[in-house]
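Before any comments, here is the structure.
The values are calculated or read from the model by the stated rules, or taken from the named source; none is laboratory data. On a predicted model such as this, the values are computed, not experimentally measured, just so you know. Here the Cβ positions follow ideal geometry from the backbone for every residue, glycine too, while neighbour counts run over all protein chains shown.
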Amino acid sequence: MPTGYYTHPEFLRHEMGHFHPECPERLQAIEDHLISHGMDGLLERREAAPATREQIERVHGADYVDSLERASPASGYYPIDPDTSMNSHTLAAAKLAAGAAVAATDAVMAGEVENAFCCVRPPGHHAEPDRAMGFCFFNNVAVAARHALEAHGLERVAIVDFDVHHGNGTEAAFRGDQRVLMCSFFQHPFYPYSGTDHIATNMANIPLPAYTNGLAVREVVETIWLPRLNEFRPQMLFISAGFDAHREDDLGQMGLVEQDYAWITGQLVDVARAHANGRIVSCLEGGYNLSALGRSVLAHLKVLLER
């Protein structure tokens, strides 16, 4: 079966000002790498549709969604925090990003594709149930995981987050929910300065110091993530695929390279094949060095396609 690839032109219209690192050029860099390496025609391209209010409110409160609707500007920017703002296209893009993850979940569950990558922005894993932050508005992976549980009746899903920043929003959405196992590593201490206190039993949070390299990360995956995942036996895997732990990315200080992302992806594919009929939905999170991002997504997709 093919790998689904979900994106939408509206993702390029959301922007938060000149020189902001979370920029439309990120998706263009990914597309350029796919085309230049002959990958473009191997993916089953599907255009995202907006998530419904019901789907979003499985994770985010109605008052919070209403507040974003009110804040959406007709022109210019509306600041959420010093790093996060809305333009007139942000809300539509955020609904489409969450909707892409939901549609990918439906397609994988229906057996139309074995796995899927959602090439979306804005990212999602910092968005808490009632708070936008860290470039994020709706938590795309959390919305998709909750959809798999509630709409498809799955009993166990796993979320793996390899962004350089802790996925505080995803942890807030699922802390204590024994239907969900979340495995992550992240640079610490580092934004958003979370993930190390009062850790719930369904969280495998691995804080790592700056300059941790790929060999150390692989050891974490082998000794901590994989035993937890295989014991949990997830019926579907969701990936918060942030590539800002790459050694060339200035928004983090870790030392991964694209071969490390390929290796991690391969391990997750093996878990999905063992327990979940290969079902994986991966959603783009961080990654701000355009060349490193394009190369890393390419490596990630090659494994999803070929394994």
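Brief remarks follow.
Yes/no per residue for (1) touching a Lys or Arg at 6+ places or on another chain (Cβ under 7 Å); (2) in contact (Cβ under 8 Å) with a residue 12 or more places away in the chain; (3) closer than 29 Å to residue 251 by Cα:
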| residue | (1), (2), (3) |
| --- | --- |
| 40 | no, no, yes |
| 55 | no, yes, no |
| 70 | no, no, no |
| 73 | no, yes, yes |
| 95 | no, yes, yes |
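- Scanning the range 235-250 finds no residues that are among the hydrophobic types (A, V, I, L, M, F, W, C), surrounded by fewer than 24 Cβ atoms within 10 Å (Cβ to Cβ) and in contact (Cβ under 8 Å) with a residue 40 or more places away in the chain.
- Failed item, numbered, when residue 56 is tested on (1) crowded, with 17+ Cβ neighbours inside 10 Å; (2) at pLDDT below 95: (2)
- For the range 86-95, the tally of residues that are outside any helix (DSSP H, G or I) and surrounded by fewer than 21 Cβ atoms within 10 Å (Cβ to Cβ) stands at 3.
- Against the list (1) surrounded by fewer than 14 Cβ atoms within 10 Å (Cβ to Cβ); (2) without any contact (Cβ under 8 Å) to a residue 60 or more places away in the chain; (3) not in a strand (DSSP E or B), the condition residue 63 fails is (2).
- Candidate set from the range 156-176 (those that are part of a helix (DSSP H, G or I) and of a type outside the set (Ser, Thr, Tyr)); member that is nearest to residue 131 (Cα to Cα): 169
- Of residues in the range 39-48 being modelled with pLDDT under 95 and assigned to a loop (DSSP other than H, G, I, E, B), the one surrounded by the fewest Cβ atoms within 10 Å (Cβ to Cβ): 39
- Failed criterion for residue 112 (all others in (1) assigned to a loop (DSSP other than H, G, I, E, B); (2) touching a Phe, Trp or Tyr at 6+ places or on another chain (Cβ under 7 Å) hold): (2)
- Residue check, residue 149 surrounded by fewer than 24 Cβ atoms within 10 Å (Cβ to Cβ) and in contact (Cβ under 8 Å) with a residue 12 or more places away in the chain: yes
Table: residues versus (1) within 27 Å of residue 190 (Cβ to Cβ); (2) in a helix (DSSP H, G or I); (3) within 15 Å of the chain's Cα centre (by Cα); (4) hydroxyl-bearing (Ser, Thr, Tyr).
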site	(1), (2), (3), (4)
220	yes, yes, no, no
223	yes, yes, no, yes
253	yes, no, no, no
269	no, yes, no, no
273	no, yes, no, no
283	yes, no, yes, no
295	yes, yes, no, no
300	yes, yes, yes, no
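- Of all residues in the range 121-146 being more than 19 Å from residue 287 (Cβ to Cβ) and basic (Lys, Arg), the one that is surrounded by the most Cβ atoms within 10 Å (Cβ to Cβ): 146
- Some residue of the range 234-247 being assigned to a loop (DSSP other than H, G, I, E, B), within 18 Å of residue 34 (Cβ to Cβ), aromatic (Phe, Trp, Tyr) and under 18 Å from the mean Cα position of the chain (by Cα): yes
- Residues (part of a helix (DSSP H, G or I) and either surrounded by 11 or more Cβ atoms within 10 Å (Cβ to Cβ) or among the basic types (Lys, Arg) (or both)) located in the range 67-78: 67, 68, 70, 71
- Any pair with Cβ under 7 angstrom, 6 or more apart, that starts in the range 216-231 at a residue that is of a type in the set (S, T, N, Q) and ends at one that is surrounded by 15 or more Cβ atoms within 10 Å (Cβ to Cβ): 230/271
- Residue within the range 119-134 that is of a type outside the set (Asp, Glu), in a strand (DSSP E or B) and either closer than 21 Å to residue 11 by Cβ or modelled with pLDDT of 95 or more (or both) present: yes
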